[in-house]
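The values are calculated or read from the model by the stated rules, or taken from the named source; none is laboratory data. Given the structure is predicted, the values throughout are model-derived calculations rather than measurements. For neighbour counting, all protein chains shown are included, and Cβ atoms are generated from backbone atoms with ideal geometry for every residue, glycine included. What goes into the accessible areas is simple: the full protein's heavy atoms, side chains included, and nothing from ligands, DNA or RNA. Shrake-Rupley method; radii C 1.70, N 1.55, O 1.52, S 1.80 Å.
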Amino acid sequence: MKEYKTFNQQLAILRSRGMIVPTNGVPKRFLEQENYYNVINGYKDLFLCKDNSGNVIDPEVYLQNTHFNELKALFLLDRELRFLFLKNLLIFENSFKTTISHEFSKKYPKPNSYLEIANYKNDNPKAVLKQISILTNTIHEHVGKNGAIKHYIEDYGFVPLWVLVNYLTIGNLSYLYSVFKDSEQNTIAKYYSTKYTKQYDPIDPLRITSKDMESALKIFNLVRNQCAHDERLYNSDYKNIRVSNLANYFEITNYNNRRIIVAILYFKALLNKSHYKKFHLELITIFNKYSNEFHTVNFCEILNIMGIDLQELDKLK
């Protein structure tokens with residue numbers, strides 16, 4: 001177990017490893033506010049010396065002329081990205097809740113139809129029962145609390161899906177969508193395809209498939225959890241997320257389907273045009289704000305880790 005270190009001792013360790021740390025008290029006050037572990041351990045990797053195999057040298061040594069302000073800037077850049085992505089994820093989440101509840105309820109208008117196993121796919125009853133259980137438990141958890149669920153149970157004897165979805169997470173919604181019948185999945189995907197076409201009026205209409213929607217919900221759930229729990233975003237590896245359909249449509253050739261660029265592509269396709277344009281502008285503003293804050297590493301290297309090519313990103317305006 002590592003021994004407790006004062007802030008001054010922590011800063012001394014950084015200096016001993018080759019980092020330039022000002023002695024004006026600013027780094028100390030920053031760590032007092034933000035926590036050494038979050039700032040240094042969270043963002044140091046990019047600035048550490050590595051051997052020919054790409055492994056960090058032990059004991060750790062920082063690249064020549066690494067400045068404390070560079071780690072600080074990367075930390076703050078990542079925070080601003082989380083705020084931006086979370087804001088737009090919540091916008092999409094609200095849209096999807098409205099769409100999924102509307103389309104399902106239109107097809108199955110009876111009260112509590114979302115609790116009937118016959119209204120879902122028949123090839124995976126275990127998964128369907130799990131989702132029905134989640135919906136039932138959500139009602140039970142909130143029926144005794146003041147709110148919409150209690151109101152509908154007491155006044156009408158059931159809770160409409162368009163009310164219940166407001167108590168579900170994007171992860172819940174993702175799994176719920178996955179057990180919808182193909183017809184309902186396709187209807188929801190088509191809704192977003194049609195909305196995009198109406199707003200952008202492209203020469204070639206965008207066709208969003210149900211598989212695209214599943215991938216969008218997957219990446220959005222992963223990113224939302226990171227943002228909500230204040231985890232690193234810029235260098236996240238999301239494994240292989242399906243995005244080739246959108247990348248080909250937007251003529252994006254230099255992309256990495258394991259990185260945050262995937263979420264940006266799905267934002268372009270699924271957010272309202274006005275929301276996406278604002279997102280894109282704010283994203284570029286953040287990049288411009290921090291692009292000159294790094295000297296030990298090139299800012300393009302940071303963008304590359306995110307899977308972002310600025311020329312390609314420009315195609316998504």
Under the Karplus relation 6.51 cos²θ - 1.76 cosθ + 1.60, θ = phi - 60°, what is the ordered set of whole-Hz ³J(HN,Hα) values for region 8-24, x standing for Gly and Pro?
5, 5, 4, 5, 5, 4, 4, 5, 5, 9, x, 7, 7, 10, x, 9, 8
Taking a probe of 1.4 angstrom, what is the accessible area of Arg232 in Å², to the nearest 10?
90 Å²
Heavy-atom accessible area ranking, 1.4 Å probe, most first, across Thr209, Thr98, Thr66
Thr98, Thr209, Thr66
At R0 = 41 Å, how high is the FRET efficiency between His295 and Asp182 if r is their beta carbon distance? Nearest 0.05 is fine.
0.15
Can you compute 3J(HN,Hα) from phi for each residue in region 88-98, using the Karplus curve 6.51 cos²θ - 1.76 cosθ + 1.60 with θ = phi - 60°, rounded to whole Hz and x for Gly and Pro?
7, 5, 5, 5, 5, 4, 5, 4, 5, 4, 5
Placing each pseudo-label 7 Å from Cα in the direction of the beta carbon, Arg15 and Ser105 end up separated by a distance in nanometres of 6.4 nm
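Find, to one decimal place in angstroms, the Kirkwood hydrodynamic radius of region 206-317, where the mean of 1/r is taken over every pair of different Cα atoms and then inverted.
Details: mean 1/r = 0.0685 Å⁻¹.
The Cα-based Kirkwood calculation yields 14.6 Å.
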Working from the pairwise distances between different alpha carbons, so that the mean of 1/r is found and then inverted, what is region 31-70's Kirkwood radius in Å?
11.1 Å
How are the C-alpha pair distances of region 1-154 spread across 5 Å bins, as whole percents from the shortest bin up?
2, 7, 11, 12, 11, 7, 6, 6, 7, 9, 10, 8, 4, 1
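Counting only protein heavy atoms and a 1.4 Å probe, tell me what percentage of the chain's accessible area is made up of carbon and sulfur.
Values: 8250 of 16640 Å².
With neighbouring chains kept in place, the figure for the chain is 50 percent.
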Read phi for every residue in region 154-169 and hand back ³J(HN,Hα) as whole Hz from Karplus 6.51 cos²θ - 1.76 cosθ + 1.60, θ = phi - 60°, with x for Gly and Pro.
6, 8, 10, x, 7, 10, x, 4, 5, 8, 4, 4, 5, 9, 9, 7
Accessible area of the chain divided out per residue, in Å², using a probe of 1.4 angstrom:
52 Å²
So which lysines pass the test for Lys145, namely a Cα distance under 26 Å, with those fewer than 8 places away in the same chain ruled out?
Lys97, Lys110, Lys130
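Based on DSSP loop calls and a cut-off of at most 11 other Cβ atoms within 10 Å, the longest stretch of the chain free of exposed GluC sites (Glu not before Pro) is what? Kindly include the intermediate steps, with their values, before the conclusion.
Numbers: sites that count: Glu3, Glu251.
In the chain, the maximal stretch lacking such sites is 4-250.
Going by a ≥ b ≥ c, the root eigenvalues of the Cα gyration tensor, does region 13-97 fall in the rounded group (a/c under 1.5), the prolate group (a/b larger than b/c) or the oblate group? Mind dumping the intermediate values first?
Values: a/c = 3.44, a/b = 1.73, b/c = 1.99.
Since a/c reaches 1.5 but b/c is at least a/b, the shape of region 13-97 is classed as oblate.
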Can you give me the long-range amide H partners of Ile20? Hydrogens built in the peptide plane at 1.01 Å from N, cutoff under 5 Å, separation of 5 or more residues or another chain.
Thr66, His67, Phe68
Helix-only [θ] at 222 nm, the chain, -39500 (n - 2.57) per DSSP H run of 4+, per residue, nearest 500, equals -18500 deg cm²/dmol
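Can you give the Rg/Rh ratio of the chain, where Rg is from the C-alpha atoms and Rh is the Kirkwood radius?
For the chain, the value is 1.05.
Rank these by accessible area, largest first, 1.4 Å probe: Tyr192, Tyr36. Walk me through the numbers on the way to the answer.
Working: Tyr192 0, Tyr36 40 Å².
In descending accessible area the options line up as Tyr36, Tyr192.
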Can you give me the long-range amide H partners of Leu48? Hydrogens built in the peptide plane at 1.01 Å from N, cutoff under 5 Å, separation of 5 or more residues or another chain.
Leu63
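Can you classify region 140-214 as rounded, prolate or oblate using the Cα gyration tensor, where a ≥ b ≥ c are the square roots of its eigenvalues, rounded means a/c under 1.5, and otherwise it's prolate if a/b beats b/c and oblate if not?
Working: a/c = 3.25, a/b = 2.43, b/c = 1.34.
Here region 140-214 falls in the prolate category.
Over 23 Å between C-alpha atoms is what I'm after, so list which of Lys121/Lys218; Lys198/Lys317; Lys289/Lys317; Lys211/Lys277 land there.
On the way: Lys121/Lys218 19 Å; Lys198/Lys317 17 Å; Lys289/Lys317 19 Å; Lys211/Lys277 25 Å.
Beyond 23 Å between Cα atoms: Lys211/Lys277.
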In whole angstrom, and with the biggest value first, how far do the Cα coordinates of region 108-170 range along each principal axis?
38, 23, 17
